[in-house]
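Nothing in this text is a laboratory measurement; each read-out follows from the coordinates by a stated rule. As the structure is a prediction and not an experimental result, all values here were calculated from the model. Cβ sites come from the backbone with ideal geometry, for glycine too, and all protein chains shown count toward neighbours.
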Amino acid sequence: MEVTTELLLVAAEKLHADYVTVSVPDFAPEALPMSLRIGIFSAETGVLRWVSLPASGTFCARVMRESSPLFVSCLSEAEQQVACGLLQDTGPFAYLGVPIPAVTGGSIGTLAAICKGERAWSKADADDAEHIAGKIGFEMLPPEMRDAQNLV
């Protein structure tokens with residue numbers, strides 16, 4: 001199992017989330033401008049699938065831009081409709097997104113936990129998510145940079 005998938009599994013278990021996502025800018029030549037590449041991990045199936053979609057107005061883009069956690073205890077009806085199509089599920093959802101830190105500061109992506117139904121996220125949940133996001137950020141580094149980071 002790829003390390004990032006393993007970390008998403010850990011995040012799903014630790015945060016008791018139905019889905020965990022990792023979002024990064026999509027720089028593929030065929031991607032629309034300002035798109036996100038989103039890996040969606042289902043805790044139920046253990047499957048990670050990737051989609052690309054416009055970043056505009058998404059929670060993940062907001063977390064990335066602001067480099068700050070975002071807690072949503074229940075998505076609005078319109079947000080639920082978008083989530084239902086993306087997650088292939090129905091009903092209300094709760095969202096916790098944290099930035100994936102860049103080595104140089106700011107963020108290079110977003111780690112998000114999504115739960116079916118309403119949920120009040122705790123500071124401990126955000127701390128756990130930020131810890132895992134840091135590990136995912138480390139895994140995104142090129143191998144030569146990971147080796148240099150381990151020496152520090």
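See the values below:
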{"quantity": "Reference-scaled alpha-carbon Rg (2.2 N^0.38 Å with N residues) for the stretch 3-151", "calculated": "0.99"}
{"quantity": "Burial ranking of peptide ranges 24-30, 117-123 (average Cβ count within 10 Å, highest at the top)", "calculated": "117-123, 24-30"}
{"quantity": "Packing-based ranking, highest mean first, of 7-13, 109-115 given that Cβ atoms within 10 Å are counted", "calculated": "109-115, 7-13"}
{"quantity": "Most to least packed among 44-54, 126-136 [average Cβ atoms within 10 Å]", "calculated": "126-136, 44-54"}
